[in-house]
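Notes to accompany the following structure.
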Amino acid sequence: MNYREKYDEISKLDSRPRGFAFEKLINEMFDDCKILINKSYKTKDQSQQIDGAIEIGSRIFLLEAKWENSGTLAASKLYSFLGKINSKLEGTLGIFISHNRLKDNFVNAIRDGLRQNCILIHGEENINEIVDGNLRLDKYILHCYREASTKNIVEISASEYISLRGKIETDQDNNISKSNWSEIYKEIINESDESAFVNFMQQNEVLNNDIPKNLVNVLPHISLEFNTKQKLKFLIEKIEEENLNTYKNSIKNKLTGDYWRKFSQDEIISILVSKLDLNQSDYKEIILNVTSNFNGDWELENDASRILGALFDKLDDDNKKLIAKKFLTIYLDDFRKSKFQQKQFANKVFREIKNNNNLYELFSDHIIKELKNEKKVEEIWIKEGLITPEELKKRLINRILSKYSNFYIDSEREKIKEDLQNKYDSL
């Protein structure tokens with residue numbers, strides 16, 4: 001049974017046995033690379049459980065493997081692992097491997113620590129590349145170690161590593177899968193102009209299916225000078241002619257994956273999606289992914305706004321309504337200034353859908369839910385005898401009418417007020 005088959009079987013297990021089986025699979029892959037020096041063990045005093053240990057380039061790395069839901073993977077488990085590393089001989093390092101993507105506070109805890117001694121490999125996208133044998137695990141770890149040591153980069157996605165190296169390494173042997181991507185990549189980043197690149201591409205007419213995927217993977221790491229952008233646009237046009245489906249799938253996979261934020265720079269996303277034409281169901285998946293963790297993080301909201309702003313004109317009315325629901329809080333928040341990307345985009349979205357929709361009807365369920373919650377909170381004033389039920393009703397309805405005043409025109413106010421009064425009485 002190969003790694004993929006074992007991984008698929010592990011995914012069917014309950015949480016606890018799944019975690020143990022995942023740890024065992026990780027150790028097996030390291031063992032096959034001839035770098036595992038200890039499988040799961042306890043320290044001599046029995047005080048610490050270590051999931052495994054490997055040796056690469058005379059450096060010892062302790063392993064911690066987790067397959068838990070993001071909600072149950074507490075930061076304390078990461079800090080506990082860091083404590084295990086720090087209690088060992090000076091120079092001992094660690095690799096924290098999580099099937100699910102870690103939250104930003106995990107990553108920041110590693111990057112901002114006084115001792116930089118732990119590498120992160122996390123997210124299903126990365127695990128899949130490893131399980132499918134698309135890279136040599138020992139060489140990937142060595143590359144991560146070098147990047148962390150020299151640039152304070154504690155996480156390198158597997159797909160980026162594969163693309164930047166310009167090759168795919170397999171676990172089964174040490175052969176390199178040849179591709180003309182390496183030559184194309186060198187031509188993109190050198191100082192030659194567009195005409196020289198066009199001549200090069202005309203002499204290398206074959207574009208295999210690796211090229212679109214590698215281009216999408218590496219794009220966030222390319223310095224977008226004028227000549228580089230012109231060469232990229234030419235290459236993308238050529239890809240769209242010959243490998244359109246592969247290109248579309250590569251973009252979709254990135255924007256629905258864990259690393260979508262790396263593509264949120266205006267120049268990058270505009271190059272990627274200029275001629276992109278996905279199914280509306282694919283666009284919906286992208287929308288749900290980039291808005292899934294909205295929790296007041298303005299930078300994340302700005303990144304999502306740039307992605308969705310580039311796609312907005314390609315969306316149907318249902319997807320535009322979906323975005324409006326995700327950006328409703330931002331649109332209504334008077335503390336967010338119009339100079340910020342998320343506020344600008346929210347205003348654009350609501351201007352667009354207001355032309356074709358009755359906003360009060362569209363958001364009626366949300367508004368009534370808010371009214372119900374406020375009533376529940378403020379009924380305490382009735383119990384304290386500080387306000388009558390009718391006074392509270394009037395206050396809350398007027399508050400809602402004021403907050404959502406952009407959702408109706410003046411002539412509709414009395415009709416909406418009557419509707420709110422009726423709904424209030426039934427709450």
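Every number in this text was worked out from the coordinates using simple rules, so none of it is lab data. Note that the coordinates shown come from a computational prediction; the quantities given were computed from them, not determined experimentally. Here the Cβ is made from the backbone with ideal geometry for all residues, glycine too, and neighbour counts use every protein chain on show.
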* For the chain, what's the relative contact order in percent, using C-alpha pairs closer than 8 Å and at least 6 residues apart? -> 7
* For the range 208-340, what size does the Cα cloud have along each of its three principal axes, sorted from largest down, in whole Å? -> 48, 31, 24
* Suppose R0 equals 35 Å; then what is the FRET efficiency for VAL107 and GLU194 from their Cβ-Cβ distance, rounded to the nearest 0.05? -> 0.40
* To do: Compute the distance in nm between two label points, each set 7 Å from the Cα along the Cα-to-Cβ direction, one at ASN356 and one at LYS24.
  => 5.4
* To do: Work from the charge dipole of the chain (Cβ charges, +1 for Lys and Arg, -1 for Asp and Glu, about the Cα centre) and give the residue of ILE251, LEU25, LEU315 farthest towards its positive end.
  => LEU25
* Structure fact -> Rounded to the nearest 0.05, FRET efficiency between GLU285 and ASN2 (Cβ-Cβ, R0 35 Å) equals 0.75
* Spin-label model distance (nm) - SER402 vs GLU124, 7 Å beyond Cα toward Cβ -> 4.6
* Structure fact -> In the structure shown, of LYS248/LYS321; LYS320/LYS417; LYS284/LYS415; LYS186/LYS348; LYS34/LYS262, the pairs separated by more than 29 angstrom at the C-alpha atoms are LYS284/LYS415; LYS186/LYS348; LYS34/LYS262
* Hey, what do the phi angles of the range 54-62 turn into as Karplus ³J(HN,Hα) couplings, whole Hz, using 6.51/-1.76/1.60 and θ = phi - 60°, x for Gly and Pro? -> 10, 10, 9, x, 6, 10, 9, 10, 7
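Taking a ≥ b ≥ c as the square roots of the Cα gyration tensor eigenvalues, with a/c under 1.5 meaning rounded and otherwise prolate when a/b beats b/c, else oblate, which class fits the chain?
oblate
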* Enumerate by residue number the GluC sites (Glu not before Pro) in the range 323-415 meeting two conditions: DSSP loop (anything except H, G, I, E, B), and at most 14 other Cβ atoms within 10 Å of the site's Cβ. => GLU379, GLU384
* Structure fact -> By the Cα gyration tensor axes a ≥ b ≥ c (a/c under 1.5 gives rounded; else a/b larger than b/c gives prolate, otherwise oblate), the shape of the range 250-311 is oblate
* Asked: Can you list the chymotrypsin sites (Phe, Trp or Tyr not before Pro) in the range 332-427 that are in a DSSP coil and have 14 or fewer other beta carbons within 10 angstrom?
  -> PHE335
* To do: With a 10 Å radius around each residue's Cβ, average the other Cβ atoms per peptide and rank 142-148, 255-261, 54-60, highest first.
  => 255-261, 142-148, 54-60
* To do: Please report the relative contact order for the range 361-426, taking Cα pairs under 8 Å with a sequence separation of at least 6, and give it as a percent rounded to a whole number.
  => 39
* Structure fact -> Low-density loop GluC sites (Glu not before Pro), the range 1-30, at most 14 other Cβ within 10 Å, DSSP non-H/G/I/E/B, are none
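How high is the relative contact order of the range 3-176, in percent, with contacts defined as C-alpha pairs under 8 Å that are six or more residues apart?
Here the relative contact order equals 17 percent.
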* To do: Among the aspartates and glutamates, select those whose C-alpha is under 16 Å from the C-alpha of LYS6, and discard any that sit fewer than 8 residues away in the same chain.
  => ASP14, GLU23, GLU28, ASP31, ASP32, GLU124, GLU129, ASP132, ASP171
* To do: Report, in whole Å, the centroid distance computed from the Cα atoms of the range 84-143 and the range 1-34.
  => 17
* To do: Among GLY94, ILE130, ASN69, pick out the residue whose Cα is farthest towards the positive end of the charge dipole of the range 1-149, where Lys and Arg carry +1 and Asp and Glu carry -1 on C-beta, about the Cα centre.
  => GLY94
* Positive dipole terminus of the range 361-426, leading residue within THR388, PHE363, TYR424 (C-beta point charges) -> THR388
* What is the dipole size for the chain, taken about its Cα centre, with +1 at each Lys and Arg Cβ and -1 at each Asp and Glu Cβ, in debye to the nearest 20? -> 1080
* To do: Please say if the range 260-414 is rounded, prolate or oblate, where rounded means a/c under 1.5 for a ≥ b ≥ c the square roots of the C-alpha gyration tensor eigenvalues, and otherwise the choice is prolate for a/b larger than b/c and oblate otherwise?
  => prolate
